[in-house]
Amino acid sequence: MKNFFQNRKMLAAFGTVAVLAALLGSTVMLRNNLSAPLLIQRLGNDIVSVGSRIVSVPVSWFTDGIDSVKDLQNAADENSHLKKKVAELAQVEARNAALEKENKQLKAAAGIKKTLTGYTTTTASVISRSSDSWSEVLTIDKGKSSGLKKDMAVMSGGGVIGRILEVDAATSKVELITTTDSSANRFAVQATTDTGKVLHGIITVQSNGTLTFTQASSSSKLKKGTKVYTSGLGGTSPKGLLIGTVAETTKDSFGLSDLIKIKPAGNLSDASVVTVVKRSVAG
């Protein structure tokens, strides 16, 4: 009986294998004979294809977006780097220009020392100058500790630009010769005519900022280009400091006296280094 059941199991197994082989063979033959895949296969293929497209499109967009963001970031970083280099180059050029200008002014200051025999000079740097009082006052980095005193003459670029107005321990204020303050202490000056006559006067400032030589002690004319110097009279300013040159001689608003316009010799517009002159001998 036991053998019978075992034989039946074997027969069933062989039968199953035979059926599967027949189905497989028929499927292969059917597939080879068909010109197109079965409907179910086509539906499956289409579903898989559409699904892959649905997934791949946003993934592609996302990947492209990340690449674009990276490219933009790289471009921004490179642009920032280039801007920094350009700014650094501009700063270097500006610094070189400032150093060159300061070097020229230092050389001019050295020349002033040679021409002021008998006078003590101190070189200082301009540390502040307000835009609303540009033609009135500037501040330098030397004061009482450097021996500076009120009313000492201040030069820049080879000519007088003003005098010490206030003195602190380490800084001083310089009142410029172009100040329109009517109470300012004006420089006593002199100039020599072609005939050798010395004319005396003071420097004043017109409402438009023009320097003038007024109160001349003679009616003799001063030609254009005549040099005007400090006379050393009436104050602590030494004699012989160059103020400027005669630019033009006209009449005053009343037409009664000469109005002698002066072109300043000093660097009034952009002084960064100045020379303070201390009078040590009589002028």
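Side notes on the structure shown:
- Test: residue in region 138-159 that is assigned to a strand (DSSP E or B), touching a helix residue (DSSP H, G or I) at 6+ places or on another chain (Cβ under 6 Å) and not small (Gly, Ala, Ser): yes
- Check on residue 154, open to solvent by 10 Å² or more (accessible area, probe 1.4 Å) and either at pLDDT 95 or above or within 29 Å of the chain's Cα centre (by Cα) (or both): no
- In region 96-109, the residues that are within 10 Å of residue 272 (Cα to Cα) and in contact (Cβ under 8 Å) with a residue 12 or more places away in the chain reach residues that are of a type in the set (S, T, N, Q) and surrounded by 11 or more Cβ atoms within 10 Å (Cβ to Cβ) with C-beta atoms within less than 6 angstrom, at least six apart or across chains, in these pairs: 102/272.
- Within region 210-238, the set of residues being modelled with pLDDT of 85 or more and open to solvent by 30 Å² or more (accessible area, probe 1.4 Å) comprises 210, 223, 224, 225, 227, 229.
- Within the option set 195, 171, 120, 204, being more than 18 Å from residue 233 (Cβ to Cβ), crowded, with 17+ Cβ neighbours inside 10 Å and of a type in the set (Ser, Thr, Tyr) holds for one residue only, 171.
- Some residue of region 214-222 being in contact (Cβ under 8 Å) with a residue 40 or more places away in the chain and among the basic types (Lys, Arg): no
- Members of region 120-137 found to be in a strand (DSSP E or B) and either at positive phi or touching a Ser or Thr at 6+ places or on another chain (Cβ under 6 Å) (or both), listed by number: 120, 121, 122, 123, 126, 127, 128
The values are calculated or read from the model by the stated rules, or taken from the named source; none is laboratory data. For clarity, every value in this text was computed on a predicted model and none was experimentally measured. Cβ atoms come from the backbone with ideal geometry, glycine included; neighbour counts cover every protein chain shown. Just the protein is used for accessible areas: all its heavy atoms, side chains included, with ligands, DNA and RNA removed. Shrake-Rupley method; radii C 1.70, N 1.55, O 1.52, S 1.80 Å.
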